[in-house]
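The values are calculated or read from the model by the stated rules, or taken from the named source; none is laboratory data. Fair warning: this is a prediction, and the values are worked out from it, not measured in the lab. Every residue, glycine among them, receives a Cβ derived from its backbone with ideal geometry; neighbour counts consider all protein chains shown.
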Amino acid sequence: MNVGMLWLDDDKRTTFEEKIVQAADYYQEKFGRAPDTCLVNVGMLKAELRVGSIQVSPVRNVLPNHFWIGNDPA
């Protein structure tokens, strides 16, 4: 994914999945389409998982508590 929206959420009261859903809802409201990919720091997630229709993958180049969410062109 080359283009997306960076979302910061360090609220300890919400779950990891809720954070992704909130970011996805905002993304859809802002850009008019649902995201399908979310990249997070490897410290937040050790292996890929799916939250609804969003593929969540750990990477090294995203800061902790940040969610890089968008659409994968592939």
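Values as computed for the structure displayed
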| quantity | calculated |
| --- | --- |
| Filter pass, Leu49 being farther than 14 Å from Gly70 by Cα and of a type in the set (A, V, I, L, M, F, W, C) | yes |
| Selected residue [at pLDDT 95 or above, β-branched (Val, Ile, Thr) and surrounded by fewer than 16 Cβ atoms within 10 Å (Cβ to Cβ)] from Val62, Val40, Val21 | Val21 |
| Top-ranked residue of the stretch 49-74 - restricted to ones that are in contact (Cβ under 8 Å) with a residue 60 or more places away in the chain, hydrophobic (A, V, I, L, M, F, W, C) and out of contact with any Pro (no Cβ under 8 Å at 6 or more places or on another chain), ranked as farthest from Leu8 (Cα to Cα) | Trp68 |
| Counted residues, the stretch 1-16 - those being touching a residue at least 40 places away in the same chain (Cβ under 8 Å) and part of a loop (DSSP other than H, G, I, E, B) | 5 |
| Test: Ala34 is more than 8 Å from the chain's Cα centre (by Cα), small (Gly, Ala, Ser), exposed (fewer than 12 other Cβ atoms within 10 Å of the Cβ) and part of a loop (DSSP other than H, G, I, E, B) | no |
